[in-house]
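Remarks on the structure that follows.
The values are calculated or read from the model by the stated rules, or taken from the named source; none is laboratory data. None of these values were measured; they are calculated from a predicted model. Positions of Cβ are backbone-derived with ideal geometry, glycine not excepted, and every protein chain shown enters the neighbour counts. Heavy atoms of the whole protein, side chains included, go into the accessibility calculation; ligands, DNA and RNA do not. Shrake-Rupley method; radii C 1.70, N 1.55, O 1.52, S 1.80 Å.
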Amino acid sequence: MDTCNVAISDAAGPEPRAAATLLFRLSVGVFFIGGFLTSSVSLLVPQLKLMLSLDYTQAFLVQLAFHASYLLFALPITAFIVGSGYTRAIVAGLAVMSAGCVALAVAQGSLSFALVLGALLLLSGGQTFLQIASNTVVAVIGPARGAAGRLTLLQGFNSLGTVAGPLLSAPLLLAQVDRGREWRPLIGLSAAALPFVLTALVTAALALAYAGHRRVLESGQRGEGFVPIRRLFAVLGESRRLRWGTAAIFVYVGAEVTIGGLLPSVLMRPDRLGAGAVTAGQLVALYWGGAMVGRFAGAWIMRHMAEARLLHLAALGAVALTVTASVLPGAAGALVLVAVGLCNAIMYPTIYALALPEDARAAPVASMWLCMAVVGGAIVPVLTGVVADASGLLESLVVPAGCYVLIAAFAAICREGRA
């Protein structure tokens with residue numbers, strides 16, 4: 001999940017700058033906990049697959065539920081943001097996330113697959129609020145040049161959470177798998193519920209903090225009324241770059257989520273590392289850690305290289321690594337798949353910034369389409385699961401490889417100025 005900050009231009013006065021500083025400090029917590037939650041949810045795929053004897057298609061319903069909200073609720077959430085402002089949307093999103101985490105903790109305690117899916121859908125509703133509101137603020141408020149760099153730098157902090165998630169959550173979520181399905185309650189709940197209980201507490205505290213400073217943060221963020229439905233589709237029709245960018249976001253999120261969900265199973269294979277469930281889950285931190293390092297490095301590289309060119313190189317690198325991982329045995333094959341995280345690093349913020357229309361007034365609506373495209377994280381993993389069940393786990397990596405090919409095509413179009 002990507003969170004918010006306000007980048008004020010040089011012409012801004014001291015009061016807007018103070019608000020921006022406050023908002024940045026608050027957003028650090030949102031960045032971290034959002035990343036922590038995303039990578040922890042990915043561990044539910046191997047956990048539930050092994051605990052409930054699911055096939056890959058069924059297990060990836062976890063990602064379907066966690067990302068379906070971006071398609072189901074993006075339109076009403078966009079209307080709320082346009083009418084109420086970014087700050088209220090962020091508070092609402094954090095509150096909904098808290099409720100979703102509590103529901104997920106209860107579902108983990110009972111090990112009910114149906115309850116898990118329902119809780120994940122609620123949780124993703126809160127994520128959708130934050131995606132649409134925060135990314136628009138970061139990209140629009142401040143100089144248009146460098147928007148991708150700002151988003152990339154800020155998401156580096158989000159990646160800190162994605163690294164911490166597997167390291168801290170894997171022993172709780174996957175320990176019972178290594179014990180042979182023994183489920184030990186802890187203080188009335190299963191130990192697997194603890195990551196989500198703690199996340200609920202943090203998101204509730206952040207919601208209160210944002211609400212407490214809403215008067216300071218709402219300067220310049222007042223709602224402007226609801227957008228007519230025809231205008232929602234007109235913005236998409238008017239911008240070829242937005243249409244291509246929406247498709248690129250769809251396949252990017254799908255590929256990243258798919259690899260994160262499959263990676264523990266790949267690492268547990270005897271022809272790769274043969275790791276235990278907890279060890280494999282914790283090693284996923286290297287995948288998300290590559291994204292963290294790459295985002296900070298990418299923000300610096302973009303000062304010297306065109307954003308579209310860097311995106312093109314990263315996408316081609318991801319294609320090569322994913323294909324290689326499907327055929328290269330042993331630890332080398334496992335390491336190559338983990339390295340895809342480094343290529344993923346700059347993709348989301350760069351695609352997002354390149355896809356936005358030049359007219360800032362269209363940004364909230366364009367952001368809605370881009371955030372709706374995150375539903376790729378629901379659809380691509382399930383499609384990959386179908387391929388894995390039919391042809392094999394390693395063979396299914398052709399699906400995310402194909403996704404990266406489309407991202408490379410989008411980058412090539414942007415480089416040539418044809419979008």
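Key figures
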| quantity | calculated |
| --- | --- |
| Difference of contour (0.36 nm per residue) and Cα-Cα distance, residue 398 to residue 383 | 4.3 nm |
| Three-way shape label, segment 306-407, alpha-carbon gyration tensor, a/c 1.5 | oblate |
| Cβ-based net charge around residue 337, under 15 Å, with every Lys or Arg adding one and every Asp or Glu removing one | -1 |
| Estimated FRET transfer efficiency when R0 is 22 angstrom, pair residue 111-residue 58 (beta carbons, to 0.05) | 0.90 |
| Heavy-atom SASA rank of 252, 86 (probe 1.4 Å, accessible area, largest first) | 86, 252 |
| Full-extension gain in nm, residue 313 to residue 300, via 0.36 nm per residue minus C-alpha separation | 3.1 nm |
| Solvent-accessible area of residue 272 with every protein chain in place, 1.4 Å probe, in Å² to the nearest 10 | 20 Å² |
